[in-house]
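K.L.:
First the structure, then my questions, so here it is.
What follows draws every value from the coordinates through simple rules; no lab data is involved. It should be emphasised that the depicted structure is a prediction, and the values quoted were computed from it without experimental measurement. With ideal geometry, Cβ positions are generated from the backbone for all residues, glycine too; neighbour counts draw on all protein chains shown.
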Amino acid sequence: MSYRTRPRSNRFHATVAGLAFLLSLPAAASHAAGDGLIGKWEGPGEGTVSAHIRPDPARAGHFVAKIATAASRCFGQVEVGGRLGKSVTATATPEFAGDDLCTIRLRLTGANRLEVYEVKNCLTFHGAACGFTGKLIRR
């Protein structure tokens with residue numbers, strides 16, 4: 001009995017290419033979801049809180065955000081950075097050596113809704129009567 005080998009078909013190459021494409025989708029989808037952070041946001045919180053979030057020109061897949069708050073007799077702002085995503089933690093570089101990192105959590109809760117939560121060590125960037133925590137909408 002003799003066996004004939006079949007020539008490989010183009011279907012095999014198409015299947016491998018299709019599989020490679022499907023495997024790349026989750027990474028592309030998460031990056032696209034993180035792009036939803038980019039923009040200008042404002043809303044109520046511990047004062048009127050605003051955020052201007054833009055891509056970090058120095059690091060692909062990262063962002064830089066200027067978070068500001070203003071209330072009666074209290075105001076402040078901080079610039080934080082982090083990796084793009086739907087729920088991210090961003091940190092600010094301390095002004096002085098030995099200072100703790102100001103940490104803020106950003107979470108997309110809808111296409112045009114962003115929750116900002118001041119996690120720790122941000123008091124030096126604003127007064128005691130306000131903070132960076134708030135529920136913002138896209139402007």
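K.L.:
For a protection proxy built on the mean count of beta-carbon atoms within 10 angstrom, sort 75-83, 63-71 highest first, please.
P.N.:
Working: 75-83: 18.1, 63-71: 20.4.
Going from most to least packed, we get 63-71, 75-83.
K.L.:
Run the count for the stretch 33-138, please: Lys pairs, Cα-Cα under 16 angstrom, 8 or more apart or on different chains.
P.N.:
Numbers: LYS40/LYS66; LYS40/LYS86; LYS40/LYS135; LYS66/LYS135; LYS86/LYS135.
So the count of such lysine pairs works out to 5.
K.L.:
Against the globular-protein guess of 2.2 N^0.38 Å, express the Cα radius of gyration of the stretch 32-115 as a ratio, rounded to two decimals. Don't skip to the answer; put the middle values down first.
P.N.:
Working: Rg = 13.0 Å, N = 84, 2.2 N^0.38 = 11.8 Å.
Dividing the Cα Rg of the stretch 32-115 by 2.2 N^0.38 Å gives 1.09.
K.L.:
PHE75 versus ASP35, label points 7 Å from Cα toward the beta carbon: distance in nm?
P.N.:
3.5 nm
K.L.:
When the Karplus curve 6.51 cos²θ - 1.76 cosθ + 1.60 is applied with θ = phi - 60°, which whole-Hz ³J(HN,Hα) does each residue of the stretch 104-121 get, with x for Gly and Pro?
P.N.:
Listing the rounded values in order: 10, 9, 10, 9, 6, 10, x, 4, 10, 10, 9, 9, 10, 10, 6, 7, 6, 6 Hz.
K.L.:
In nm, to one decimal, how far is the TYR117 label point from the SER87 one, both placed 7 Å along Cα→Cβ?
P.N.:
Each label point is offset 7 Å from its Cα along the Cβ direction, giving 0.8 nm.
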